[in-house]
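To start, I am sharing the structure in question, which I have written as structure tokens.
The values are calculated or read from the model by the stated rules, or taken from the named source; none is laboratory data. All values reported here derive from a predicted model rather than from experimental measurement. As a convention, Cβ positions derive from the backbone with ideal geometry for all residues, glycine included, and neighbour counts pool all protein chains shown.
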Amino acid sequence: MHVPTLWLLGKTGAGKSSLVQAITRSSAAAIGNGFVSCTRTAESYDFPSADPMMRFLDTRGLGEVGYDAADDIAACTQGSHLLVLVARIDDPVQGQVVDVLSRIHKQRKEMPAILVLTGADLVPDDATLRRARAQIEQVYETAWGRPLKSVCLSLGDPLAADLNGLHALLAESLPTVAMYLSRQPGTDPEAREFDRHMALVLSYAATAGASDILPVVGLASVPAVQVAMLSALARRYEVAWDREIMMKFIGSFGLGSITRYAVSTVGRQALKVVPFAGSAVAATYSLAATYALGRAAAYWMYQTRSGAQVDDADLRARYAAAFERVPDDHK
């Protein structure tokens, strides 16, 4: 399964542990507590543990005497999807981090990156905050070689931190992570049960989006991922799942919906011949369609298991609403 991976890069004391706690809303999720070694000086942590929606990588040695970043750069650049630069806004001395950042940029110039400034609550006034932020942003952007989108956070109480700005940045490169973090509690029994399986569905959706990059590959890989997701959901909902039952589920959508999906699938493959933008649109569509299919299937399985009537119009409405939840302007 494709697990979106955030590489946290920052000095000791920059606030990486507090940031992980804020993102996971768990006081137990601190660096060094639950993180496992993946290189001599790097650790990883999956969240949630049962159905990982994201993986955090942390490098432990920055700023330590004798630290050699070569192993971390080699391991983490290949396995990361977003570089999260973490710096305290009241600490202008960032030399160790920007040196490593420059080396990363030389090896993987296309890697997405964001800057998270912590300690906003420690700065006495807005004018000082703006000056400190501008100074650190300039240092990091010079090392990175291009502008960096940034967010400034107060993490004095990580579990109560306002992360709306961070969620918006994550949505641009890791939409499934942003969707999971910004989820709202279900308002009825069916929605509350889906909440328990949302991470599973999003994991398959992320996998479908990641596989639908190269021309033609998605024609085989995305349907395979979706079939595997439906089987996994059926086990979770304790519903029998075979060809006959699957056809009943598909029938609930109606022939028109299935035909439109088939046509759009072929169209996505044609889009991939357009450099960069075409592949991005195809991947986002597959991600959105897989998540929406999982959401509709969860409703169908819940109703079926309960012996209740499946409202076909409601099923299609839930599919459409779930599809629109994926944060991308191309859909």
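Condition first: modelled with pLDDT under 75 and more than 20 Å from Ser102 (Cβ to Cβ). Now tell me which residues in the range 40-59 satisfy that.
Hit for the range 40-59 is Arg40, nothing else.
Follow-up question, since we're still on this one. Please enumerate the residues belonging to the range 22-35 that are among the β-branched types (Val, Ile, Thr) and assigned to a helix (DSSP H, G or I).
Ile23, Thr24
Test each condition in (1) touching a residue at least 24 places away in the same chain (Cβ under 8 Å); (2) not assigned by TED's automatic domain parsing to the domain that holds Arg88 for Ala191 and report the one that comes out false.
(1)
Could you please let me know if Leu287 is modelled with pLDDT of 75 or more, closer than 28 Å to Ser182 by Cα and in contact with a Pro (Cβ under 9 Å, 6 or more places away or on another chain)?
Working: modelled with pLDDT of 75 or more: yes; closer than 28 Å to Ser182 by Cα: yes; in contact with a Pro (Cβ under 9 Å, 6 or more places away or on another chain): yes.
Yes.
Whether any residue in the range 134-152 is in contact (Cβ under 8 Å) with a residue 60 or more places away in the chain and within 24 Å of Thr5 (Cα to Cα) is what I want to check.
The initial filter retains those residues of the range 134-152 that are in contact (Cβ under 8 Å) with a residue 60 or more places away in the chain, namely 148, 152.
Imposing the further condition that a residue be within 24 Å of Thr5 (Cα to Cα) reduces the set to 148, 152.
Yes: the range 134-152 contains one or more residues that are in contact (Cβ under 8 Å) with a residue 60 or more places away in the chain and within 24 Å of Thr5 (Cα to Cα).
Determine which member of the set Leu19, Leu6 is in a strand (DSSP E or B), in contact with a strand residue (DSSP E or B) (Cβ under 9 Å, 6 or more places away or on another chain) and closer than 24 Å to Gln184 by Cα.
Working: Leu19 fails: in a strand (DSSP E or B).
Answer to the selection: Leu6.
Condition first: surrounded by 14 or more Cβ atoms within 10 Å (Cβ to Cβ), modelled with pLDDT of 90 or more and under 24 Å from Asp314 (Cβ atoms). Can you find one or more residues in the range 149-171 that meet it?
no
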